[in-house]
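Just so it is clear, none of the values below were taken in a lab; they were calculated from the coordinates. Predicted model only: the values in this text are computed from it and were never measured. Every residue, glycine among them, receives a Cβ derived from its backbone with ideal geometry; neighbour counts consider all protein chains shown.
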Amino acid sequence: MDEDKLQSLIDGHPQLFHGRGPEVESYVYPGWYPLLDHLCGEIERLLTQEETKRFKWLQIKQKFGELRLYFRSDRRDEVQKLVSQAEKASQTICQVCGSHGRIRDDKGYFAVRCDKHTPQRAKGY
Ligand SMILES: [Zn+2]
């Protein structure tokens, strides 16, 4: 199984995470870590100190093969714009290694994988 990088993200962005994980159980795939790290940096630059205090990650997860992020912020629209960019970018980034990938459907199991990390049973798709 892929290693969860959630704690690294929390450690790297203590102000945005307030030193703890999102409200709902979350998971950060290693291949998507740089993308999320970059996104958190962008949000930190956007928000004032007071807005950062009130910012909250609700959940970070994968849904139907793409990154899905839920948050609460005073500047919902502006943050959502950055979040949507990251969610879209995740569709072509291998969850395992971060190299170029695409969404693969293996009998209902969706995941973004490069050729090297495509599960054996999904080959030929
Ligand atoms: Zn890969």
| message | Go through the cysteines of the chain and tell me which have no other cysteine Cβ under 4.7 Å away. | response | C40, C97
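If you average the sequence gap of Cα pairs under 8 Å that are 6 or more apart and divide by the length of the chain, what percent do you get for the contact order? Walk me through the intermediate numbers first.
Details: 208 pairs, mean separation 26.7, N = 125.
Reported as a whole number, the value is 21 percent.
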| task | Would you list, by chain and number, the lysines whose Cα falls below 24 Å from the Cα of K5, excluding same-chain residues fewer than 8 positions away? | result | K53, K56, K61, K63, K81, K88, K116
| task | Relative to the longest principal axis of the C-alpha atoms of the chain, give the angle of the C-alpha long axis of helix 76-89, reported between 0 and 90° and rounded to the nearest 10°. | result | 20 degrees
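Would you work out if the stretch 1-43 is rounded, prolate or oblate? Take a ≥ b ≥ c from the square roots of the eigenvalues of the alpha-carbon gyration tensor; rounded if a/c is under 1.5, else prolate when a/b is larger than b/c, oblate otherwise.
Working: a/c = 1.99, a/b = 1.21, b/c = 1.64.
Oblate.
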| request: Rounded to the nearest Å, what's the spacing between the alpha carbon centres of the stretch 41-88 and the stretch 1-33? Just the number, please. | output: 13 Å
| query | Residues with amide H under 5 Å of Q62's amide H, sequence separation 5 or more or different chain, H placed in the peptide plane at 1.01 Å from N; which? | reply | R68
| message | For the chain, take the longest principal axis of its alpha carbons; what is the angle in degrees between that and the long axis of helix 33-46, to the nearest 10 within 0 to 90? | response | 20 degrees
